[in-house]
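Please read the structure below before turning to the comments.
The values are calculated or read from the model by the stated rules, or taken from the named source; none is laboratory data. Every value quoted in this text rests on a predicted model; they were computed, and no experiment measured them. Every residue, glycine among them, receives a Cβ derived from its backbone with ideal geometry; neighbour counts consider all protein chains shown. Remember, those area values only see protein heavy atoms, side chains included, never the ligands or the DNA or RNA. Shrake-Rupley method; radii C 1.70, N 1.55, O 1.52, S 1.80 Å.
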Amino acid sequence: MKTNILTEPEILQLRAETKGTTDRIHFNNAGSSLPPDTVVDTVVSYLQEEALSGGYETEDKYKQQLDNTYKSIAKLINADVNEIATVENASEAWTLAFNGVDLKKGDVVLTCEMEYVTNIIAFIQAQKTCGVEVTIIPNDEKGNFSLQTLEAAITPQVKLIAMTHIPSTAGGMIPIVEIGKIARKNNILYLVDACQSAGQIPIDVKLIGCDMLSVTGRKYLRAPRGTGFLFVKKDIQDKLKLMFADGFTTKSVTLDDYQPRDDARRFELYEKSRALTLGLGKAVDYALNIGVDRIWHRIQYLADAMRSKLSEIDGITLHDFGQQRCGIVTFSVDGVESAVVKAKLAEKKINVSVGLAKSTLYYMSKNHLTSVVRASVHYYNTEEEIAALYNALMIIKGT
Ligand SMILES: Cc1ncc(COP(=O)(O)O)c(C=O)c1O
C-alpha cells in the first residue's frame, strides 16, 4: 500500500490552480483530466494574440516557446528533441508509427490483450490488406502479462512487438520495460502505446528500449484536447514509411523527388494549432515541475484507497486484475447498468466514465465484460472525494 507523498498544502495549491476542482469531483482523468488554469490561459491568450496580430506573425514571435514544447516532451520521456513529433491525438501517433513499419505477408506482430480499439482496427487492416499475422499474448489467470509466453512466441517472422502500457478500461499494467529487453535481445521493432501512462508514470524511452511511443495530451498530462505526440528513435526514422508529407516536413523537393526532414517532425504536418502546441508544452512543464515520480506515487496511493473503499460495498465488483495497478479503477454495480451508475453520479457532480467492450476488445471479450464503470484518479483528487464517491455508490446500490 502506497503512502501519501504530496503534502496537504501542496494539494490545496494544485487544486487552487485548477478551476475545475472547485465545483465537481472529477474521476474521469483517463478520459480527459482537468487542465491547470495556466494551460487554459496560455491557449486562450495565444488565440487572442493571433486574432489581433495574425497567425504567422504570432508564430514568429513565439517560435522559441513553441520549440520548447518539443524540448519539454523530450525531457519528459528522456528522448532527444529530434525524436519528437507533435500530433492531435494518440490514435494518430500510434497509426503513423504502425503503418510506417514495412510489414509484408507472413510477418508476425506480437501484441497483448490490453490493446486499444484503434490499434486493434489497424491490426485487422494489416491482416486483411497485407496478410500480416497478429498474435495476442494472453495474460495469465491472475491477469499478469506472461514474459515467458512472449519469449516462446518469438520467431524470425516476428517483425514488431506492439504493446499498450495501460489499457483504457482496466486498472492493470503491462511490463513494458521487461518486454523491451526481449525486443532488444531479438532485434525486433518495439512500439509502445503510452496514451494512459504519460503524465501518470515516469516514462523513459531509453529504459523501455522502445523504437516508437505514442501519447495523447488530454489524459494524465492535463494538456488541452486535440494534442498528442509521437516518439520515433533517431536510428529508425529513415526505416519508417511516411503516411503524408508537406513542404515543412521535407528538407528538399525537386520536380521528381523529395527528401524528408532529418528529424521526427517529418511525421507531422505543418498546419496545426499553435495555441494547443503551447498548451501542451505548458502542461508537460507543469507535470515536470511537480515531478512525475511523485505524481505516480500519489496516484497509486489514491487508487489503492479507492479500491479498498469500494471493496467494502456489497454488490460492487472490482475488475482490476494483475500485480501492478494504476490510477484507473474499474468496477460494476450489481443490477445497475454502468451507464446508469455514471448518470446517477453525474447528478451528484461526480464524473466517471463507462468503459465499453469495444475499447479494449480482446480483454473485455475474454472476461465477458460488456461495460465497466471507470473511475480514474489524478494527483489532485482527494480522500474526501473518494469518500463522496463511496457514499453516492451506497445510495445508488440501495435504490
Ligand atoms: C490505451 C489507449 N490508447 C490509445 C487511445 C487513443 O487516444 P486518442 O483518443 O487520443 O486517440 C486511448 C484513448 O482512450 C487509450 O485509452
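Got a sec? What order do Asp211, Asp256, Asp37 fall in by accessible area at 1.4 Å, biggest, i.e. largest, first?
So the residues, ranked largest to smallest area, are Asp256, Asp37, Asp211.
Which whole-number value in Å³ per residue fits the convex hull of the alpha carbons of the range 153-209?
Here the figure is 85 Å³ per residue.
Sequence-distant or interchain residues sharing an amide H contact under 5 Å with Val87, placed H: which?
Excluding prolines and chain starts, which carry no amide H, the hits are Gly228, Phe229, Leu230.
How large is the translational diffusion coefficient of the range 40-289 in µm² per second when you combine the Kirkwood radius over alpha carbon pairs with Stokes-Einstein at 25 °C and 0.890 mPa s?
The estimated diffusion coefficient comes to 131 µm²/s.
Residue farthest toward the positive end of the dipole of the chain, with Cβ of Lys/Arg at +1 and Asp/Glu at -1: which of Gly180, Thr118, Gly315?
Farthest towards the positive pole: Gly315.
If one computes P(r) from the Cα atoms of the range 282-399, what percent of pairs lie at distances over 19 Å?
Here the tail beyond 19 Å accounts for 49 percent of pairs.
Using the Karplus curve 6.51 cos²θ - 1.76 cosθ + 1.60 with θ = phi - 60°, work out ³J(HN,Hα) for each residue of the range 366-379 in order, rounded to whole Hz, and write x for Gly and Pro.
Running phi through 6.51 cos²θ - 1.76 cosθ + 1.60 with θ = phi - 60° gives 4, 9, 6, 9, 8, 7, 9, 7, 10, 10, 10, 9, 10, 5 Hz.
Find the percent of Cα-Cα distances in the range 348-399 that exceed 19 Å, and round it to a whole number.
43 percent
Quick one: which residues, 5+ away or cross-chain, put their amide H under 5 Å from the amide H of Val329? H built at 1.01 Å from N.
For Val329, the qualifying residues are Ala375, Ser376, Val377.
Can you work out the Karplus-derived ³J(HN,Hα) for every residue in the range 222-238? Use 6.51 cos²θ - 1.76 cosθ + 1.60 with θ = phi - 60°, whole Hz, and x for glycine or proline.
Per-residue couplings from phi come out as 6, 8, x, 4, x, 10, x, 8, 10, 9, 10, 4, 3, 6, 10, 4, 6 Hz.
For the chain, the longest stretch holding no GluC sites (Glu not before Pro) located in a DSSP loop with at most 11 other Cβ atoms within 10 Å is which?
1-140
Mean residue ellipticity at 222 nm from the helices of the chain, using -39,500 (n - 2.57) per DSSP H segment of n ≥ 4 over the full residue count, to the nearest 500 deg cm²/dmol?
Dividing the helical sum by the residues of the chain leaves -12500 deg cm²/dmol.
Quote the charge dipole size of the chain about the Cα centre in Debye, to the nearest 20; the model charges only the Cβ of Lys and Arg (+1) and of Asp and Glu (-1).
Magnitude of the dipole: close to 460 debye.
Antiparallel as a % of all DSSP beta bridges within the chain, to the nearest 5?
The antiparallel fraction comes to roughly 55 percent.
Amide H of Thr18 versus every other amide H placed in the peptide plane: which residues, excluding those fewer than 5 positions away on the same chain, fall under 5 Å?
Asp37
Scan the chain and hand back the longest stretch that contains none of the trypsin sites (Lys or Arg not before Pro) lying in DSSP loops with at most 11 other Cβ atoms within 10 Å.
Looking at the chain, 242-399 is the longest stretch - no exposed trypsin sites (Lys or Arg not before Pro) with at most 11 other Cβ atoms within 10 Å.
Could you compute the net charge surrounding Tyr70? Neighbours are other residues with a C-beta less than 11 Å from the C-beta of Tyr70; K and R count +1, D and E count -1.
-2
Per-residue HN-Hα couplings for the range 23-34, Karplus 6.51 cos²θ - 1.76 cosθ + 1.60 at θ = phi - 60°, whole Hz, x for Gly and Pro?
My calculation for the range 23-34 gives 10, 7, 9, 9, 10, 10, 6, 6, x, 6, 7, 7 Hz in order.
Give me the percent relative contact order of the range 40-289, please, defined on Cα pairs under 8 angstrom at least 6 residues apart.
26 percent
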